[in-house]
Amino acid sequence: MIENMSAFASVANQLRRDLAGAAVGRGGGSSAAPASATLVPSRGAVDPKYTWDLESIFPNWEAWEAAFTDLDHGIETYQQYAGTLAKGPGQLLRALKDRDVLGQLSYKVWYYPSLQYDEDQRNNTINARKQRVQLLIAKMQQATSWFNPELLKLPLDTVRGWMHESTELATYRFAIEEVFRLQAHVLNEQGERLISLSDRLGSVPRDSYAALSTADARFPTVTLSTGETTQVTYGQYRKLLSTARAQPDRRLAYEALYDTYAATLNTYATIYNGVMHGEWFEARARGYQTTLDAALFGNNIPTSVVENLIRETKNAIAPFRRYHQLRKRVMKLTDYYLFDALVPIIDFDVRYPYGDVLDWIVEAVSPLGAEYQARVRRAFSERWIDVYENQGKRNGAYSAPVYGANPYMLLNYNDTLDAVFTLAHELGHSMHTMLSHETQPFVYAGYTIFVAEVPSTLNEALLLDFMLQRARTREERIVLLQHAIDGIVGTFHNQVLFADFELEAHRLVERDQPITSEVLSAIYARLLSEYWGEALSPDARAQHTWARIPHFFQSPYYVYQYATCFASTAKLMEEIGCSNAATRQAAVTRYLDLLRSGGSDHPMTLLNNAGVDLSKPETVRAVSAQLDGLVNRLESELG
Ligand SMILES: [Zn+2]
């Protein structure tokens, strides 16, 4: 999953490019809850060798304070460039380079308090320092906001002429040309002012969704077959669905949660209508044909990528259905519902102590070469990872791309299989960060979300191959196979269905069609039957699922990116895992070049260079082929 550090993201956005201000991570939902809060140690009780060593950022707070002052001073003196860019290539280059200096420094100044705050979020002294940086970064954004408008006043041909003269300036070619490309949908001053005035109005539907689905939601309490009484919040619902072995208990949780949403379904539909009209308003105001065009323009992604993704996923849906039918059979269920899709097929609990898995991960990534392996070892031996949970620590996991220092990873490692894969996942992000930071000039050091989840999921795929080979028991193989399959089903198929839903709903809005709860539920019901087919038993509640997917309301047209990353990984793995040594070596070289390429071009171009064409059916079908193979193996293990 992706976590945006919005305050910081704006720093790196200076050339309106989505550079790495985002720490790329996983949410906290997947880690098992601690057995008891009293068992969680305080920060001070954790063995330092399992904590990250942040000295590569700053040796101490005094050094951070000095850098903070330098940055503040730099922001003020940067104003001297305002109104001077037309002077010539030398001046433009100086302004760009000085802005890079500020940008680089801001990473370290931001992450030093930010990472330490996550160690114990009850620490208000550090929280105050973090907030000081947020304010400084807002100041920095303001102080450099004149830059793009002034650059755009220069004729592009003149700037191109300058880049022709100066090789140093030519380094910035892609970034500069992007400012001009994105200008196509930027309005005049009056228009931009109107749009910015509408911003707060646009956020009202999103905030309403948050209020209705959390603050105002009345989650009922249910009594399970064990006698245990529990309130079915979303977190409890997920937990029950993935642990309750008795179907009636899962059904109880499902019905309780869905009925909570159904009670205010018309309000959810009205809110969603508001979200979509907000998108449609801005798309039309900026001169886009559709909301999808508007959403994809920033990364220069053709709409055919999303259409191809949806079409080919449906064309090759068979292994997805087969998996659910297999689950139904093995779990001896007469009927199979959405709430039966998460629980483990078999009861088998293996613990994976942190110390045991480090060598496995190094071994698992051996197809990527000795140098890649050596970097992974450094992450372990040089303490780039904050391993265990402690009181007050932020939950979930992430990798933070600290420019000019080591990449740092926060985990809440709890010895589960999930934790092992999360470690491999975050290491994938960190290796991407390292290779990109080392190779690219600062302006292209960050990568887009469109590519970000490729190295993380590819590391997971390599780890799966390795662990399947070393697994000695049938039970362990079954658990591994299910883990891998659930990853594909959850990250790919479910997300494509979501993208399909969003696209259909937005198209209704674009054609001035009414949006009601019946309309939205009818779309969802049809998509469930198109994807799940006979695998799902009839159930009146499932069609209301759209109301409980926060992404639809909070970040429209976002989830498809998980699916495209997954398809890219599946395509890359076909060659990285193939038996022909020459093919394999060429694929690895192209893949590592992709990681080194950072944000130096549009993501589609970078992926194409690595041999992945997301507009082609075969790329999407690689996922189905991979799933098919895994389901076959699972089927034969289960007998
Ligand atoms: Zn990730």
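The values are calculated or read from the model by the stated rules, or taken from the named source; none is laboratory data. What you see is a predicted model; the values in this text were computed from it and never measured. Virtual Cβ from ideal backbone geometry, glycine too; neighbours counted across all protein chains shown.
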Out of region 127-175, which residues are more than 19 Å from residue 78 (Cβ to Cβ) and outside any helix (DSSP H, G or I)?
155, 166, 171
With region 558-639 as the region, which helices (runs of 4 or more DSSP H) entirely inside it contain at least 2 residues that are over 15 Å from residue 305 (Cβ atoms) and hydrophobic (A, V, I, L, M, F, W, C)?
560-576, 581-596, 617-638
Return the pair list, or none, for Cβ contacts closer than 6 Å from residues in region 299-312 that are acidic (Asp, Glu) to residues that are surrounded by 20 or more Cβ atoms within 10 Å (Cβ to Cβ) and assigned to a helix (DSSP H, G or I), at least 6 apart or on different chains.
312/620
Unique match (being farther than 27 Å from residue 613 by Cβ, away from the ligand (no atom under 16 Å from the Cβ), under 22 Å from the mean Cα position of the chain (by Cα) and surrounded by 22 or more Cβ atoms within 10 Å (Cβ to Cβ)) among 402, 443:
402
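Table: residues versus (1) at pLDDT below 95; (2) under 23 Å from residue 58 (Cα atoms).
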position	(1), (2)
381	no, yes
387	no, yes
401	no, yes
406	no, yes
414	yes, no
420	no, no
425	no, no
Keeping to region 384-410, report how many residues are in a loop (DSSP other than H, G, I, E, B) and closer than 16 Å to residue 431 by Cα.
8
Within region 446-467, the residues that are free of Cβ contacts under 8 Å to residues at least 60 places away in the same chain and either within 12 Å of the chain's Cα centre (by Cα) or more than 10 Å from the ligand (Cβ to nearest atom) (or both) are 464
Quick check: is even one residue across region 481-495 under 25 Å from residue 546 (Cα atoms), away from the ligand (no atom under 14 Å from the Cβ) and either outside the structural domain of residue 634 (by TED's automatic domain parsing) or of a type in the set (Gly, Ala, Ser) (or both)?
no
What is the residue count in region 139-188 for residues that are in contact with a Lys or Arg (Cβ under 9 Å, 6 or more places away or on another chain), farther than 19 Å from residue 286 by Cβ and among the charged types (D, E, K, R)?
4
